[in-house]
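Taking it in order: structure first as structure tokens, then the write-up.
The values are calculated or read from the model by the stated rules, or taken from the named source; none is laboratory data. No experiment lies behind these values; they were computed from the predicted model shown. A quick note on method: Cβ atoms are made from the backbone with ideal geometry, for glycine too, and the neighbour counts reach across all protein chains shown.
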Amino acid sequence: MSVSEHVWWAIAVIFALLSLASLIAYRLSNTRPGRSSDELTLRIKSWWFMIGIFTVAIVIDRAISTIFLGFIAYLALKEYFSLIPTRRIDRIVILFAYLSVPVQFYWAHTGWYGMFVIFIPVWMFLFLPMIMVFKGQTDGFLKAAGTVSWGLMMTVFTLSHAAMMLTEGDRHNGTAAGAGLLLFLVFTAQFNDVAQFTWGKLTGKKAIVPGVSPNKTREGFIGGAITTMLIAALTGPYLTVMPLLWSALAGIVIAMAGFVGDVTMSAVKRDLNVKDSGGLIPGHGGILDRVDSLTYAAPVFLHFFYYFFVGGRA
Amino acid sequence: MIRVLRYGFFALIVRPVLLLLLGTNIRNRERLPPEGPAVIVANHNSHLDTLALISMMPLRDLPKLTPVAAVDYFGKGAFGWFAKHIIGILPIDRSGKTPRRNLLDGAIAALDAGKILILFPEGTRGEPERLVTYKKGIAHLIKIRPDVPVTPVFMHGLGKALPKGTYLFVPFTCDVFVGERLIYCGDVGDFMSDLEDRMNVLAQQGCFPTWE
């Protein structure tokens, strides 16, 4: 698979933007040291990491990219299972849940859409509680079946849509192919995180869900979504087959989904009393915090694209 | 040759496997002893405890790291050879055949040679993720070598990944809390209660989900 010129240029621009961001963060941490600048430095660091891996992966091979995405999903699932209460008897069930990761990403890699889309929601959904029942411990069964299934859906199933985007993009996304489509999603979603954060800091007043995440404000959300829409309208026609207006719509869709993913993970952490996941349990604020917006944005955007551009309804 | 095998085993097998399949979060890693003689004291939940502790230390310290283990458990076969030479355990005879006053001779010699001992004062792998009362061997050892610092380490998660009585390994993140070093205070009983307090404080730093 040769990587299209468009993707190369996009990567070059991202490298330039990140260099600029690193420079600003470096100056900020010198002039105004504190929590926000530490958080910023940490974020920028993880973006460098992501774009670095992304570049290496797409340069070498799509299979490598898929394995990499599968590994991220595995780490997210492991973090989830380590955070939630589990039953000792369910160790084998959890092992099966882990084993579904390579299988699910294999379906994504081969592009077997039908299997990809039912494997976890149907087969694993039916299979895991069955094992629990045969193990015979009814105490806590419902809770265990619920949390294990939800976690598997929320991490592995949702993130496997990013891998499916590579496959579907190669078929239906013109010259920019799968790499272009995935880059569009990841860039837009990450940009939206920053845009909503920045708008919230500058103008935020009214919290949308104060009980879950007091610093997610209506002003931040609207300002962020509009900015994201504009940037998506700019980059979409370049990285995808979507024309300008459709790209703008995709930007809004990704902004909304990203927001929901973000607050959903916040709700999980609140429920588990790990509000600041980085502080209370060191390192746990790892993968889940980084992929939270993608857990909603990846499936929503893939099915948006699938419905309108693979299904030919646009 | 065995030295090379030991390095190879830890550098090429244990470390990558622990990194990929477990992932350890270490809090206050800088409190781990930088040089021997020293003692690391940890809670014992799993066969993985020793491997995880050894992997936490820099690879160049490998020749110094000496886990103390019961001789009867590991025996004389291939398993015993592996435990002695590759894991590098210092066997302690808990059968009662060795006279009580000679029991710690090996450990003392190791400390005098500048080694870093790894001790599990719970005696055996207990019920996973539960602290039990400590055996006093550590205090008697430190009474003889009172200048040696003792670093308490609390680990959580390995007992979920590979608990006693099973060979089924299931990945869970492992949290490690390193405490400040303890110096012998002059009394065995006080030292033990001090150590237990420190371990309980470390255990409370984490916010661990229930696991029944």
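Scan the stretch A:81-92 and give yes if some residue there is among the aliphatic types (A, V, I, L, M), more than 11 Å from every other protein chain (Cβ to nearest Cβ) and surrounded by 18 or more Cβ atoms within 10 Å (Cβ to Cβ), otherwise no.
For the stretch A:81-92, residues among the aliphatic types (A, V, I, L, M), more than 11 Å from every other protein chain (Cβ to nearest Cβ) and surrounded by 18 or more Cβ atoms within 10 Å (Cβ to Cβ): absent.
For the stretch A:156-165, does any single residue satisfy the condition of being over 30 Å from A:P243 (Cα atoms) and of a type outside the set (V, I, T)?
As a first pass, look at the stretch A:156-165 and keep what is over 30 Å from A:P243 (Cα atoms): A:156.
From what is left, the residues that are of a type outside the set (V, I, T) are none.
Looking through the stretch A:156-165, none of the residues is over 30 Å from A:P243 (Cα atoms) and of a type outside the set (V, I, T).
Any residue at all in the stretch B:7-24 that is among the hydroxyl-bearing types (S, T, Y), surrounded by fewer than 20 Cβ atoms within 10 Å (Cβ to Cβ) and outside any strand (DSSP E or B)? Before the answer, list the steps.
First, pick out the residues of the stretch B:7-24 that are among the hydroxyl-bearing types (S, T, Y): B:7, B:24.
This time we only want the ones that are surrounded by fewer than 20 Cβ atoms within 10 Å (Cβ to Cβ), so: B:7, B:24.
Pick out the ones that are also outside any strand (DSSP E or B) and you get B:7.
Yes, that holds for at least one residue.
Starting from residues that are free of Cβ contacts under 8 Å to residues at least 60 places away in the same chain, of a type in the set (A, V, I, L, M, F, W, C) and assigned to a helix (DSSP H, G or I), keep the ones in the stretch B:188-212 and report whichever is nearest to the other protein chains (Cβ to nearest Cβ).
B:L202
May I ask you to say which residue of A:Y74, A:Y98 is within 14 Å of chain B (Cβ to nearest Cβ), crowded, with 19+ Cβ neighbours inside 10 Å and of a type in the set (S, T, Y)? Before the answer, list the steps.
Numbers: A:Y98 fails: crowded, with 19+ Cβ neighbours inside 10 Å.
Sole residue among the options that is within 14 Å of chain B (Cβ to nearest Cβ), crowded, with 19+ Cβ neighbours inside 10 Å and of a type in the set (S, T, Y): A:Y74.
Check the stretch B:89-97 and report whether any residue there is closer than 28 Å to B:V4 by Cβ, more than 11 Å from the chain's Cα centre (by Cα) and not aliphatic (A, V, I, L, M).
Scanning the stretch B:89-97, I find at least one residue that is closer than 28 Å to B:V4 by Cβ, more than 11 Å from the chain's Cα centre (by Cα) and not aliphatic (A, V, I, L, M), so the answer is yes.
Enumerate the pairs (first residue in the stretch B:167-179 and free of Cβ contacts under 8 Å to residues at least 24 places away in the same chain and within 7 Å of another protein chain (Cβ to nearest Cβ); second residue anywhere and surrounded by fewer than 23 Cβ atoms within 10 Å (Cβ to Cβ) and of a type outside the set (S, T, Y)) with beta-carbon separation below 6 Å, excluding pairs fewer than 6 apart on the same chain, so at least 6 apart or on different chains.
Matching pairs, first to second residue: B:V170/A:R91; B:V170/A:L95.
Can you tell me which of A:I51, A:I89, A:I58, A:I11 is over 17 Å from A:A162 (Cβ atoms), of a type in the set (A, V, I, L, M, F, W, C) and assigned to a helix (DSSP H, G or I)?
It is A:I89.
Are there any helices (runs of 4 or more DSSP H) wholly within the stretch A:101-214 with 1 or more residues that are under 22 Å from the mean Cα position of the chain (by Cα) and aliphatic (A, V, I, L, M), and if so which?
By residue number, A:113-118, A:141-152, A:158-172, A:177-203.
Find the strands (runs of 3 or more DSSP E) located wholly in the stretch B:87-185 whose residues include 3 or more that are of a type in the set (A, V, I, L, M, F, W, C) and either within 22 Å of B:E30 (Cβ to Cβ) or in contact with a strand residue (DSSP E or B) (Cβ under 7 Å, 6 or more places away or on another chain) (or both), and list them.
Answer list for the stretch B:87-185: B:116-119, B:150-156, B:174-178.
So which residues in the stretch B:2-38 are away from chain A (no Cβ under 14 Å) and in contact with a helix residue (DSSP H, G or I) (Cβ under 7 Å, 6 or more places away or on another chain)?
Selection gives B:I2, B:L5, B:R6, B:Y7, B:F9, B:F10, B:A11, B:V14, B:R15, B:L32, B:G36, B:P37.
Those residues that are surrounded by fewer than 24 Cβ atoms within 10 Å (Cβ to Cβ) and of a type outside the set (A, V, I, L, M, F, W, C), I need them from the stretch B:145-172; list them, please.
B:R145, B:P146, B:D147, B:P149, B:T151, B:P163, B:K164, B:G165, B:T166, B:Y167, B:P171
Against the definition (in contact (Cβ under 8 Å) with a residue 12 or more places away in the chain, in the same structural domain as A:G151 (by TED's automatic domain parsing) and crowded, with 17+ Cβ neighbours inside 10 Å), how does A:F54 come out, yes or no?
When the stated conditions are applied, A:F54 does not pass them.
Out of A:F301, A:F259, A:F197, A:F305, I need the residue that is within 27 Å of A:L182 (Cα to Cα) and either at pLDDT below 95 or surrounded by fewer than 20 Cβ atoms within 10 Å (Cβ to Cβ) (or both). Which one?
Going through A:F301, A:F259, A:F197, A:F305 in turn, just one is within 27 Å of A:L182 (Cα to Cα) and either at pLDDT below 95 or surrounded by fewer than 20 Cβ atoms within 10 Å (Cβ to Cβ) (or both): A:F197.
Yes/no per residue for (1) of a type in the set (S, T, N, Q); (2) under 20 Å from A:N173 (Cα atoms); (3) in the same structural domain as A:A108 (by TED's automatic domain parsing):
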| site | (1), (2), (3) |
| --- | --- |
| A:W199 | no, no, no |
| A:G223 | no, no, no |
| A:I226 | no, no, no |
| A:T235 | yes, yes, no |
| A:G286 | no, no, no |
| A:R290 | no, no, no |
| A:V300 | no, yes, no |
| A:F304 | no, yes, no |
